[in-house]
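Participant: Dumping the structure here so I can ask a few things about it.
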Amino acid sequence: MGTLQRKIIHCDADCFFAALEERDNPRYRGRPIAVGGHAEGRGVIATCNYAARTFGVRSAMPSAQALKLCPDLLIVRHRMEVYREASEQMREIFADYTDLIEPLSLDEAFLDVTGANVCLGSASLIAQEIRARVHKRVGITVSAGVSVNKFLAKVASDWRKPDGLTVIPPKRVADFVRHLPVRKIPGVGPVMQRKMAGLGVETCVDLQAYDAPTLQEWFGCVGESLHQLSFGRDDREVTTERQRKSVSVEQTFSADLPDLSSCMMQMAELMPRLQHRLDALTREGGCIDKAFVKLKFNDFSSTTLERKGTQPRISVYRSLCEEAYSRGLKPVRLMGLGVRIRSQPNEAVQLPLFGIAC
Ligand code: TTP
Ligand code: MG
């Protein structure tokens, strides 16, 4: 008995923040623009449009370096509320096709449309319709990949960026992965890539020549999954909100928080919002495993600190925040507070036992 072939779509908006800036400011169109911090303030680029990319400008690059590569680059401040709203609108469109949606970031999501009846049940037609609807409603382009699993769908969405759709049907999988460079495999960074190149491994077909134990010997615990992925196999399920692993609230501040005491003040404002979300979780019978604090500094670097088996009290968040802040000692642009959840009540703290004690 064969298992049902999955139909997975990966959607990823093109130069998301920059596309929304172009949408709202027609005078930006046709010129290289980036969203990021000022070069003088040691800011970094969050993203840039494709015109800027032709100059070599990239995400996470210092703005000063970006301006050297592209002196005409216009760097604009982010408008997070606008990006969140666009993200929400995209998700509403996705939800018309399936409940199995796994958001990866504001502009990216996996959709499992195996059981969808719309568009004659065709994942390719669904992806095309989603792209058209997002363009019409949100005013930006989305690239999409369609295939039999998450790995291939994600590789496919990147294949013809921007504004592209790539479908890798089951019968083309073997041929597609054969020529796929190993750097396209998630987790294969520059260091592993160099090590592989030293072994004569450039594409997945080269990797296929080695069995899992050999790859484990060379690359440690990822060896088995490298072996599977080299054949285009990936069993990971699309994980929905319902099976979510954490509950959190976060805020990007219109003006960066200059020091620890202003972080503490903002935390007191965020706590009731977290409490509200936790109340909903309590009703679902969720169990807390850890409390965590996430800070993003003004250079876009971020740090997350978590503590196991603890109750989400403000005193816990204060001490986590203090430690997280000490890692950066820089103005804070975003703060997040949350809890990680276990699916099975184990050693985890059971929510119904307490509320947040401030
Ligand atoms: P991405 O989808 O990685 O990038 P992108 O949408 O700008 O470009 P692409 O066409 O290649 O998909 O990230 C989505 C948004 O997240 C991006 O517009 C800005 C933000 N972001 C950062 O703030 N910092 C980063 O380092 C990256 C990679 C993204
Ligand atoms: Mg994107």
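Participant: Once every DSSP H run of n ≥ 4 in the chain is given -39500 (n - 2.57) and the sum is divided by its residues, what mean residue ellipticity at 222 nm do you get, rounded to the nearest 500 deg cm²/dmol? Provide the component values of the computation, followed by the final result.
Facilitator: Values: 13 runs with 136 residues, N = 358.
So the helix-based figure for the chain works out to -11500 deg cm²/dmol.
Participant: In whole Å, what are the extents of the chain along the principal axes defined by its C-alpha atoms, from largest to smallest?
Facilitator: 58, 56, 47
Participant: How far is it, in nm, from the label point at R178 to the one at R42 when both lie 7 Å from their Cα along the line to the Cβ?
Facilitator: 5.1
Participant: Using Cα springs under 10 Å in a Gaussian network model of the chain, which residue among F292, F110, F55 shows the largest mean-square fluctuation?
Facilitator: Highest fluctuation among the options: F55.
Participant: Which entries of K150/K195; K154/K184; K150/K308; K150/K245; K7/K245; K136/K161 show an alpha-carbon separation above 20 angstrom in the structure shown?
Facilitator: From the list (K150/K195; K154/K184; K150/K308; K150/K245; K7/K245; K136/K161), the Cα-Cα distance tops 20 Å for K150/K195; K150/K308; K7/K245.
Participant: Convert each backbone phi in region 316-331 into a coupling constant with the Karplus relation 6.51 cos²θ - 1.76 cosθ + 1.60 (shift: θ = phi - 60°), then list the ³J(HN,Hα) values in order as whole Hz, x for Gly and Pro.
Facilitator: 5, 5, 4, 6, 5, 5, 4, 5, 5, 4, 5, 6, x, 6, 9, x
Participant: May I pose another question? Where is the GNM fluctuation largest for the chain (alpha-carbon springs, 10 angstrom cutoff): N25, N49, N149?
Facilitator: N25
Participant: Using a cut-off of 17 Å between alpha-carbon atoms, which aspartates and glutamates can reach K330, once sequence neighbours fewer than 8 places away in the same chain are excluded?
Facilitator: K330 reaches E40, D256, D259, D299, E322.
Participant: If you count only protein heavy atoms with a 1.4 Å probe, what accessible area per residue comes out for the chain, rounded to a whole Å²?
Facilitator: Values: 17980 Å² over 358 residues.
For the chain, the solvent-accessible area averages 50 Å² per residue.
Participant: State the Cα centre-to-centre distance between region 157-208 and region 1-36 in whole Å.
Facilitator: Computed from Cα coordinates, the inter-centre distance equals 21 Å.
Participant: At q = 0.15, 0.20, 0.24 Å⁻¹, what log₁₀ I(q)/I(0) does a Debye calculation on the Cα points of region 98-172 give, no solvent, two decimals?
Facilitator: For the requested q values the scattering log ratios are -0.47, -0.87, -1.28.
Participant: Rounded to two decimals, what ratio of Rg to Rh does region 130-219 give with C-alpha atoms and a Kirkwood Rh?
Facilitator: Numbers: Rg = 16.0 Å, Rh = 14.7 Å.
Ratio of gyration radius to Kirkwood radius: 1.09.
Participant: Which ³J(HN,Hα) values, rounded to whole Hz and listed in residue order, are derived for region 52-69 from phi using the Karplus coefficients 6.51, -1.76 and 1.60 in 6.51 cos²θ - 1.76 cosθ + 1.60 with θ = phi - 60°, glycine and proline given as x?
Facilitator: Values per residue, Gly and Pro as x: 6, 5, 5, 8, x, 6, 9, 4, 6, 7, x, 4, 4, 5, 4, 5, 5, 5 Hz.
Participant: Highest GNM mean-square fluctuation, the chain, Cα pairs closer than 10 Å: which of D24, D112, D158?
Facilitator: Top of the fluctuation ranking is D24.
Participant: Hey, another quick one. First compute the accessible area of the chain with a 1.4 Å probe, then give the percent of it belonging to carbon and sulfur atoms. Intermediate results must be reported in sequence, preceding the final value.
Facilitator: Values: 9140 of 17980 Å².
Carbon and sulfur together cover 51 percent of it.
Participant: With viscosity set to 1.306 mPa s and temperature to 10 °C, compute the Stokes-Einstein D of region 152-291, Rh being the Kirkwood radius across alpha carbon pairs; µm²/s, no decimals.
Facilitator: In µm²/s, the coefficient is 83.
Participant: What is the percent of Cα-Cα separations in region 1-88 that go past 21 Å?
Facilitator: Details: 1350 of 3828 pairs.
Summing the P(r) tail past 21 Å for region 1-88 gives 35 percent.
Participant: Tally the DSSP beta bridges in the chain and give the antiparallel ones as a percent, rounded to 5.
Facilitator: Working: 47 of 53 bridges.
Percent antiparallel among DSSP bridges in the chain is about 90.
Participant: Excluding D299 itself, what net charge comes from residues whose Cβ is under 10 Å from its Cβ, given Lys and Arg +1 and Asp and Glu -1? Write out the running numbers ahead of the final one.
Facilitator: Working: positive: R42, K296, K330, R333; negative: none.
That sum, taken over residues with Cβ under 10 Å, equals +4.
The values are calculated or read from the model by the stated rules, or taken from the named source; none is laboratory data. From a predicted model like this one, the values you see are computed outputs, not experimental measurements. No Cβ is skipped: glycine too gets one built from the backbone with ideal geometry, and neighbour counts run over all protein chains shown. All accessible areas refer to the heavy atoms of the entire protein, side chains included, with ligands and DNA or RNA removed. Shrake-Rupley method; radii C 1.70, N 1.55, O 1.52, S 1.80 Å.
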